[in-house]
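K.L.:
Please see the structure below; I have some questions.
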Ligand code: KG4
Ligand code: ZN
């Protein structure tokens, strides 16, 4: 008898409670995300204790509702996968304990998944809806990529770019850019990677969030900055690209954020109403900050891809949603390099990436499963 078709994934490492159903090929049947953005917006950042309490309220109802809406029976689920780390410990704990309880209650194997390895798996998934495709940039041109075609799906309403059935090859270079992490990694196979470089201080998403807070344009900062940057002049306020020297190891975004903060202070001291800067100035600051951040990310990624002689560069995590980053990747890709961005629904935290990668990981058995503990700083390699 063949095994049930889906793995149920659970993700709760930060401020998104998420569950998903993904089949063995990586086709996403359900990708449910309950975001806590509104809850944390008034604090200008994620408050760990508040986030954990919301996970408690949301986790089980979200799963129950997802199974009910998708008419999925427990008999169709072969295993339960959960984010073990890294992340906020109180938040991880809720997902892990929920997964353990469900695995025990429904007699299913439990699979522990590394959150960052899962982000790297996003481009291998077939998103829920036919019009949701990954972005593949090859020789400066855009393609709407899906990793495989099972012959059942048609694009609704036409694709924005030519459709390509394609997936990245192993080994490849991955750039993980999120609110908590900025790492360049060498990926040998699903879930097996080695870190090449990391941030020395702030993650790039964290820098976006802090810059947005300094400018008073909302939380999360990434989308707020991303929206304004194309409307501003990136050359009006020039910020130095961090760690731009070819010998400089790793990334750094805290200095760039401080440079924006200092500029804002100077600008405010010269205007009658220092509470708010003119919208045009805010746009120029966003454009200048974003240009420097993107240059830092892409130059190191391209060097790593060239040095390692790989054809594929994957850019994943919340900041991979950034439209400026996607635009810039078109301009500077050397010939032959394919740059991949997951569909937006799979960039920010989600459980589909957890369930998808879980198909490649050995399940825990018996006591191992019941003794699983979350880890706030689970190492990547
Ligand atoms: O991967 P993610 O959902 O959570 C973590 O694992 O951290 O990433 C969240 C981060 C936040 O810092 C958010 O500001 C950033 O991703 N982000 C963006 C954009 N959308 C989300 N940053 C830049 N541009 C965006 N469009
Ligand atoms: Zn994440």
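Throughout, read-outs are computed from the coordinates displayed, never taken from laboratory work. For clarity, every value in this text was computed on a predicted model and none was experimentally measured. As a convention, Cβ positions derive from the backbone with ideal geometry for all residues, glycine included, and neighbour counts pool all protein chains shown.
K.L.:
Ratio of alpha-carbon Rg to the 2.2 N^0.38 Å globular estimate for the range 290-361, to two decimals, please.
P.N.:
Details: Rg = 13.4 Å, N = 72, 2.2 N^0.38 = 11.2 Å.
Normalised Cα radius of gyration, the range 290-361: 1.20.
K.L.:
Over the chain, what is the percentage of antiparallel beta bridges among all DSSP beta bridges, to the nearest 5? Walk me through the intermediate numbers first.
P.N.:
Details: 35 of 57 bridges.
Looking only at bridges with both residues in the chain, the antiparallel portion is about 60 percent.
K.L.:
Nearest 10 degrees is fine. How inclined is helix 48-69 to the longest principal axis of the chain, computing both from alpha carbons?
P.N.:
Value to nearest ten degrees: 50.
K.L.:
Something else about it: Which order, highest average first, do 193-201, 175-183 follow once you tally other Cβ atoms within 10 Å for each residue and take the mean per peptide?
P.N.:
Values: 193-201: 17.7, 175-183: 25.7.
With the highest mean Cβ count within 10 Å placed first, the list reads 175-183, 193-201.
K.L.:
Below 8 Å between Cα atoms, with a sequence gap of 6+, how large is the relative contact order for the range 170-292 in percent?
P.N.:
Working: 210 pairs, mean separation 31.5, N = 123.
With pairs under 8 Å counted, the relative contact order is 26 percent.
K.L.:
Given contacts defined as C-alpha pairs under 8 Å and at least six residues apart, what's the relative contact order of the chain, whole-number percent?
P.N.:
Working: 850 pairs, mean separation 96.0, N = 381.
After rounding, I find 25 percent.
K.L.:
Follow-up. Order these peptides, 356-368, 77-89, 219-231, by their mean beta-carbon neighbour count within 10 angstrom, highest first.
P.N.:
Details: 356-368: 17.2, 77-89: 23.9, 219-231: 20.4.
With the highest mean Cβ count within 10 Å placed first, the list reads 77-89, 219-231, 356-368.
K.L.:
Highest mean first, what order results for 233-239, 9-15, 55-61 on Cβ atoms within 10 Å? Spell out each step's value before the answer.
P.N.:
Values: 233-239: 15.1, 9-15: 28.9, 55-61: 17.6.
Ranking, from highest mean packing down: 9-15, 55-61, 233-239.
K.L.:
Just to confirm the number: angle between the C-alpha axis of helix 279-308 and the first principal axis of the chain, 0 to 90 degrees, nearest 10?
P.N.:
60
K.L.:
Let me ask something else. If you take the Cα Rg of the range 1-116 and divide it by 2.2 N^0.38 Å, with N the number of residues, what do you get?
P.N.:
1.05
K.L.:
Arrange 139, 202 by Cβ neighbour counts within 10 Å, fewest through most, would you?
P.N.:
Details: 139 11, 202 22.
So the residues, fewest neighbours to most, are 139, 202.
K.L.:
Next question. Considering every Cα-Cα pair within the range 225-381, what fraction, in whole percent, is farther apart than 24 Å? Spell out each step's value before the answer.
P.N.:
On the way: 6220 of 12246 pairs.
So the portion of pairs separated by more than 24 Å is 51 percent.
K.L.:
Can you compute log10 of I(q)/I(0) for the range 155-221 with the Debye formula, treating each Cα as one identical point scatterer, at q = 0.21, 0.23, 0.27 Å⁻¹?
P.N.:
Debye intensities relative to I(0), on a log10 scale: -0.85, -0.88, -1.04.
K.L.:
Which residue fluctuates most in the GNM of the chain (Cα springs below 10 Å): 174, 318, 218?
P.N.:
218
K.L.:
Mind jotting down the three principal axis lengths of the chain based on Cα atoms? Whole angstrom, largest first.
P.N.:
Projected onto its principal axes, the Cα set of the chain covers 71, 46, 43 Å.
K.L.:
For the range 111-228, calculate the relative contact order in percent as a whole number, restricting contacts to Cα pairs under 8 Å that are 6 or more residues apart. Working shown, then result.
P.N.:
Working: 171 pairs, mean separation 19.8, N = 118.
Relative contact order comes out at 17 percent.
K.L.:
Can I ask one more? Could you work out the per residue convex hull volume over the alpha carbons of the range 111-200, in cubic angstrom? Show your work: numbers first, answer last.
P.N.:
Working: hull volume 12.8 nm³, N = 90.
In the range 111-200, the Cα convex hull volume per residue is 142 Å³.
K.L.:
Where does the chain land at 222 nm, in deg cm²/dmol rounded to the nearest 500, when only DSSP H runs of n ≥ 4 count, each adding -39500 (n - 2.57), divided by all residues?
P.N.:
Rounded to the nearest 500, the figure is -11500 deg cm²/dmol.
K.L.:
While we're looking at this one, here's another question. If one computes the Cα centroid of the range 139-215 and of the range 322-381, what distance in Å separates the two points?
P.N.:
Taking the Cα centre of each part, the range 139-215 and the range 322-381 sit 8 Å apart.
K.L.:
Oh, and also: Any idea how far the Cα center of the range 266-284 sits from the one of the range 1-71, in Å?
P.N.:
The range 266-284 and the range 1-71 have Cα centres separated by 40 Å.
K.L.:
Using only the alpha-carbon atoms, how far is helix 89-106 inclined from the longest principal axis of the chain? Give it as 0 to 90 degrees, nearest 10.
P.N.:
Tilt relative to the chain: about 20 degrees.
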